[in-house]
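Read-outs throughout are calculated quantities, based only on the coordinates presented, and are distinct from any laboratory measurement. If you're wondering where the values come from, they're calculated on a predicted model, not measured in any experiment. Note that we place each Cβ from the backbone using ideal geometry, even for glycine, and neighbour counts take in every protein chain shown.
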Amino acid sequence: MTSELIHRLHFAFTITFHYLFPQLTMGLALLIVILKTMALRTGQEHWDRAARFWGRIFAINFVFGVVTGIPMEFEFGTNWARFAQLSGGVIGQPLAMEGVFSFFMESAFLGVFLYGAKKVSPRVHWLSAVGVFVGYWISGFFIIVTDAWMQHPVAFVRLPNGGFEVNSFWALLLNPWALLQYMHNMTGAVVTASFVMGAVGAFYLLDKRNEEYGRTFVKLGVIAGVISSILIVFPTGDLHGKYVAKNQPAAIAAMEGLFKTEQGASLVLIGQPNEETGQIDNPIAVNDLLSFLIYGTTKAEVVGLDQVKPEDRPENLPLLYYAYHIMAGLGTWFMVLMLGSAFLLWRGKLYTNQWALWALLLSFPLPYIANTAGWMTAELGRQPWLIYGLMRTSQGFSKMVSASNGLFTLLGFMGLYALLGLLFTVLVYREISIGPEPLDEKAH
Amino acid sequence: MMGFIWFWLVAVMIVGYVVLDGFDLGVGILHLFLARTEQEKRTTLSSIGPVWDGNEVWLLAAGGTLYFAFPLLYASAFSGFYLPLMIVLWLLILRGISLELRNHVEVGVWRKLLDALFGLASSLLAIFFGAALANVMRGVPLNADGYFFLPLWTTWTPGTHPGVLDWYTVIGGVVALLALSLHGALWLTIKASGELEARARKLVPLLWVAVVLITGISLLATIVVRPASVNNYFNYPVTFAIPAGVTLSLAALWFFNRKGAPVKAFLASCLYLFFMLAGACWSVYPTLLPATTGAQYDITLARALSGDYPLHVGLVWFGIGMALAIGYQVFVYSRFLGKAEVDSH
């Protein structure tokens, strides 16, 4: 058990830290394409400089994403060797495809985008931004395909040695779970990028500097923010949730804190799950809403944890429950804030409304928390399975790597990542302080 | 047949990684010694700035391809070499960050620290990669399930229970350190100008002599440690073309550097790395990871190979994907031809 726990923590810690960077870059890549498109269409220097400023923020995130991403691919082998051996015949496919189709593309185009502004025509420079965006979104797709197969295994045969082998390439890539999760996840990345762009813009406006850029960033941040904050709930979150309910009833029951099977199950908004008594303490709940959200009728039966064998229940129920509720609660706030801001923007009052600007500024960490909590929901909900229904987590970690060696390198990563986090903060703070090149000055 | 194809495809990915990331590792190693002024340091770094992470992608793509084609080998080797791989990961992180950070800080002291970190991480990575290859050539103590776990060192002697480091694998590390330094020096003769270029050019013959010597030593050491490594060559004498290629590329390197043709000398160095790696692969083929505990435990091609269906489908997308990838890289390199420029970035 100790070994298993340490290998799980090893992967969980390194992937959680890693995903702080790509969730911004994937969304920001899209926003940079918008800025570059405006630059190309209007021919105004303003848009180009705005894109260049965000390119600098992007570059820092890119490097941190790359260096923290390399360990992820290695850890399948180093920490989860038995899983890697048995599942390589399936998920080796999307992982190798990510390397071949996306990493080359994003690194090549980013090199041109960052270093080549003076060496290529504006059109090619715009194309390089598009290349970075496409490369990133392909990358996300292959990772989601990998995770989706662990959540909802499709298109495989079992081998005599217990291994798995893909038997339909397209069925693997078009796993319905993957498509739903991909839409939800990528929208989440756009939420993060919109909030960060909006927050930087709000900071400039509140601080009364770079105000022309501040208005651009707030505007783009809020427009992208309001669209993505709606899409993250409906349809992507709604569809994904219904699919989870259909295929992982134990996960939904644990996420919602539904201990007993109910007809007309209520949706718990707030409350603490009590595993000993098997109920929610101090609940605020809406009657019948859970049944309605999942099945579209108020009296539908929703399976509770009582119908799941104890050994097949997600073992960390409170963490899963809280992660899910934090994600959903923050998602609600995103919609409120962005709809309100969009309304003020439409009425032409946003740039001077101190309350709204402060709210936009202070809300930038929240999508990071929501994205992290969302992934925790997905992965904790899958437990105790490594491959849902087929291979338990306890069967997958590297037997040859002792708990103490695992702990040693986990602590090593924690120390190193603490340092990286500090450096990252300093670097980004510095870029935001420098800001975009002022408009009245000629570019050097 | 699938086994043969994928063995060499993975080998090509590894060669691609070594040839490409090899020169920026080499530049990292030399950065400390060759570049004196701030201007020169910036030139050195900007000679690899636009391309280094694209080069590093080859490592990831090679790892992914290995996982895809030979899951057992990937699982066994990555968990067995757990400690050195984690160290490699930390070094890759430190190297990437110090390179990126360097141009963001103005304080001289921090720059010196980051330069040192960048140089040190690059040197250690070269040594570790060389030692890793030597570990594969020497073999590891595999058990019946095909797994092992290596301590960093035991008695420093190759035997049934060696460590990651022993005298043989250290030689492998030195080969990589010197060969990549030479590779990096040649890259600088192309990209740098003025005094820096002259210094790099003067260093090439010295490194060349060292590389020739260590190449010979490593060859003899390999035959001593693993006599079976010459079998394939005698069974298929035509493959003596590989060691001949090593020799010829070294000769060509010397010749072109003397003639002042830096691009050709660099290409000769690429060929040298290619032939060295091809020679190493051929000497173990069709074994992927030999066992020091007895040949019956060897991880062979047939044992580690993934299924027929994924490998067939893989050939299609791998062909398309790598054609695109090479296209992108050619495009990037063609944008940054000629001497490195230092701009205000």
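Excluding the sites themselves, what is the longest stretch of chain A that contains no trypsin sites (Lys or Arg not before Pro) in a DSSP loop with at most 10 other C-beta atoms within 10 Å? It works out to A:209-346.
Fewest neighbouring Cβ atoms within 10 Å first, the residues A:Ser107, A:Ser3 line up as A:Ser3, A:Ser107. Given N residues in the protein assembly as shown, what is its alpha carbon radius of gyration divided by 2.2 N^0.38 Å? It is 0.99.
So which GluC sites (Glu not before Pro) in segment A:354-444 pass both tests, a DSSP loop state and at most 10 other Cβ atoms within 10 Å of the Cβ?
Details: sites: A:Glu379, A:Glu431, A:Glu441; in loops: A:Glu441.
Answer by residue number: A:Glu441.
Cα-based values for chain A, radius of gyration first and Dmax second, are 22.9, 71 Å. For segment B:2-335, a simple Cβ point-charge model (Lys and Arg +1, Asp and Glu -1, everything else neutral) yields a dipole of about 820 debye relative to the Cα centre. In this structure, the pairs whose alpha-carbon distance is over 29 Å, taken from A:Lys36/B:Lys191; A:Lys219/A:Lys246; A:Lys246/A:Lys309, are A:Lys36/B:Lys191; A:Lys219/A:Lys246.
Pairs of Cα atoms under 8 Å, at least six residues apart: use those to get the relative contact order of segment B:2-335, whole percent.
About 22 percent, as a whole number.
Give the residue list of GluC sites (Glu not before Pro) in segment B:47-139 that are DSSP loop and have at most 15 other beta-carbon atoms within 10 angstrom. Walk me through the numbers on the way to the answer.
Details: sites: B:Glu56, B:Glu100, B:Glu106; in loops: B:Glu106.
Passing both the DSSP loop test and the Cβ count: B:Glu106.
Legend: P(r) of segment B:1-149 from all alpha carbon pair distances, 10 Å bins from 0, whole percents, reading 10, 36, 30, 16, 7, 1. Dividing the convex hull volume of the alpha carbon atoms of segment A:167-250 by its residue count gives 106 Å³ per residue.
Which value results for Rg/Rh of chain B when Rg is the Cα radius of gyration and Rh the Kirkwood radius based on the inverse mean 1/r? Don't skip to the answer; put the middle values down first.
Values: Rg = 20.2 Å, Rh = 20.9 Å.
For chain B, the value is 0.97.
Computed from the Cα positions only, the extents of segment A:31-94 along the three principal axes stand at 56, 22, 9 Å, in decreasing order. Ordering B:Tyr67, A:Tyr213, B:Tyr82 from the fewest to the most neighbouring beta carbons within 10 Å gives A:Tyr213, B:Tyr82, B:Tyr67.
In a simple Cβ point-charge model (Lys, Arg +1; Asp, Glu -1; nothing else charged), the protein assembly as shown has a dipole of about 1920 debye relative to its Cα centre. The largest-to-smallest principal axis extents of the Cα set in segment A:340-396 are 58, 18, 10 Å. Evaluated over the Cα positions of segment A:326-444, the convex hull gives a direction-averaged projected area, one quarter of its surface, of 13.4 nm². The GluC sites (Glu not before Pro) of segment A:259-330 that meet both conditions, a loop assignment by DSSP and at most 15 other Cβ atoms within 10 Å of the site Cβ, are A:Glu275, A:Glu276, A:Glu315. Taking the DSSP beta bridges with both ends in the protein assembly as shown, the antiparallel portion is around 85 percent. Within the shell defined by Cβ-Cβ distances under 13 Å, the residues around B:Leu94 carry a net charge of 0, with Lys and Arg each +1 and Asp and Glu each -1.
What does the charge add up to near A:Ile294, with Lys and Arg as +1, Asp and Glu as -1, over the other residues with Cβ less than 15 Å from its Cβ? Spelling it out: positives minus negatives among the neighbours equals -2. Computed over Cα pairs, the Kirkwood radius of segment B:193-345 leads via Stokes-Einstein (0.692 mPa s, 37 °C) to a diffusion coefficient of 171 µm² per second.
Summing -39500 (n - 2.57) over the DSSP H runs of n ≥ 4 in the protein assembly as shown and dividing by its residue number, what mean residue ellipticity at 222 nm do you reach, to the nearest 500 deg cm²/dmol?
On the way: 29 runs with 560 residues, N = 789.
Taking each H run of at least 4 residues, the total per residue is -24500 deg cm²/dmol.
If I take all pairs of Cα atoms in segment A:209-251, what percentage of them are more than 16 Å from each other?
Details: 505 of 903 pairs.
Summing the P(r) of segment A:209-251 above 16 Å gives 56 percent of all pairs.
Placing +1 on the Cβ of every Lys and Arg and -1 on the Cβ of every Asp and Glu, with nothing else charged, gives segment B:81-238 a dipole about its Cα centre of roughly 280 debye.
Could you list B:Asp308, A:Asp48 so that the one with the fewest beta carbons within 10 Å of its beta carbon is first and the one with the most is last? Walk me through the intermediate numbers first.
Working: B:Asp308 10, A:Asp48 23.
Going from sparsest to densest Cβ surroundings: B:Asp308, A:Asp48.
Using only alpha carbon pairs under 8 Å that are at least six residues apart, calculate the relative contact order of chain A and give it in whole percent. Intermediate values should be presented prior to the final figure.
On the way: 643 pairs, mean separation 90.1, N = 444.
RCO, chain A: 20 percent.
Look at the dipole of the protein assembly as shown built from charges on Cβ: of A:Gly92, B:Thr222, A:Val401, the Cα furthest out on the positive end belongs to B:Thr222.
Could you compute the net charge surrounding B:Tyr17? Neighbours are other residues with a C-beta less than 13 Å from the C-beta of B:Tyr17; K and R count +1, D and E count -1.
Taking every other residue near B:Tyr17 into account, the sum is -4.
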